[in-house]
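Bear in mind these aren't lab numbers, they're just calculated from the coordinates by the rules spelled out. Quantities reported herein were computed from a predicted structural model and do not represent experimental measurements. We place every Cβ from the backbone using ideal geometry, glycine too, and count neighbours over all the protein chains shown.
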Amino acid sequence: MRIDELLRAGDGPVFSFEFGPPRTPEAELALWQAVEELRALDPAFVSVTWGAGGSTRGPTLETVRRMHELHGLEAMPHLTGVGSSAADLRTLVRSIAADGIDNLLVLRGDGEPGEIASGADLARLARAESDLCLVGGAYPESDEIDYVRAKVDAGVSVLITQLFFDNADYLRLVERLRAARIDVPVLPGIIPITAIGQVQRLASLCRATIPRALERELGLRADDPRAVADLGVAYATAQSAALLDAGAPGIHLYTLNRSPATRAIVSALRCAHAQVGDDARAARAGGLRG
C-alpha cells in the first residue's frame, strides 16, 4: 500500500522501521531475526538503506524483495543518485515498480557530483518512470524550505526526518512547512540510543545535535552499557509520546538491525495509546449515563 494513502486514511499513529542490508553472514542472521521479531508488531512499512555511492544496491533491493515477498512487509528501498547514471536509475526505478513495490525513498546521498544533482532531481526522474509513492528526507535542524518545496513539487508526497533528539526542532520544521503551504505528512525519525560512541557518530553524520542534558546523562552512564541502553529506550519513548501528542502522524524508528529497543518503545506507545482510547470511551459513557 502507498504510504501517502495509508497516512491519509488517518487510522491512528503509524509505526515504521528502518533496516540496513547485511554485510556479513553474521549480520544477515541478526537482521532476519530482528525482522521476524519486529514483524509481530505489524509495522505500517519498513525501509532499507542504500549504501554510500550505491555500495549496497544489490543487497538493498534483494533485502526489500525478501521482506516484501517472504515476510509480508510493506518494504521500501532507499535510492540515491550517487554513483549511478540517469539511465541506470531509470532502469532501477522501473525494476522496483515491476517487483510490486509501492513506495520509494528518494535521497541525494553524500553530495558527490553526478548526473542527478539533488533529491528533487531524483524524485523527478522517478516520477517520470513510475507511479510509486515517493518519500523524501528532511533535516529538522537545517533543512531549507525551498529545497523541501522543490522535492514536493517534483513528486514527493511524504517526508521522513533524519534522526533528532529535540522535539522543538521537528515542531519548528513542520510549522515552517505549513506556513509555506507545504502540507505533506512529516514522519519523525527517532533512534533509540544503544551505545554512546555509535550515537555520537550517527549524530555527526546526520547533522543532529545531542542536547546537553541528554549528553550529561549519557556521560554519567558511560561505564555501564546496559544503563546507556535503558536510558536510550526511555528517552526515545518519551520523545515519541510527546511527538504523537503534538500531532505527528507516526514514528519512524531507526532499528540498527536490532529488535529489543524498538519492541519496547512501540509496545509502550501502543499501550499508552490504548489507555487514552479506553479513558475517552469511559468518559463518553459516563457522560451518556449522566
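Details
- Short-range pairs are left out: with C-alpha atoms under 8 Å and at least six residues apart, the relative contact order of segment 1-135 is 23 percent.
- Kirkwood hydrodynamic radius over Cα pairs of the chain, then Stokes diffusion coefficient at 37 °C and 0.692 mPa s, in µm²/s: 166 µm²/s
- Length-normalised contact order for the chain - Cα pairs under 8 Å, 6+ apart - percent: 19 percent
- Separation of alpha-carbon centers, segment 146-170 and segment 192-221, rounded to whole Å: 22 Å
- For V158, the residues 5 or more places off, or on other chains, whose built amide H falls under 5 Å of its own are G136.
- Trypsin sites (Lys or Arg not before Pro) restricted to segment 6-50 and DSSP loop, no more than 16 other C-beta within 10 Å: R23
- Look at D146, D4 and count the other Cβ atoms within 10 Å of each Cβ; fewest to most, that gives D146, D4.
- Helix-only CD estimate at 222 nm, as mean residue ellipticity for the chain, using -39500 (n - 2.57) per DSSP H run (n ≥ 4): -16500 deg cm²/dmol
- Principal axis dimensions, largest first and in whole angstrom, of segment 119-249 by Cα: 52, 27, 21
- Of the peptides 26-38, 147-159, 9-21, the ranking by mean beta-carbon count within 10 Å, highest at the top, reads 147-159, 9-21, 26-38.
- Between helix 167-179 and the chain: long-axis angle, C-alpha atoms, 0 to 90°, nearest 10: 60 degrees
- Net charge of neighbours whose Cβ lies under 13 Å from the Cβ of R176, counting Lys and Arg as +1 and Asp and Glu as -1: -3
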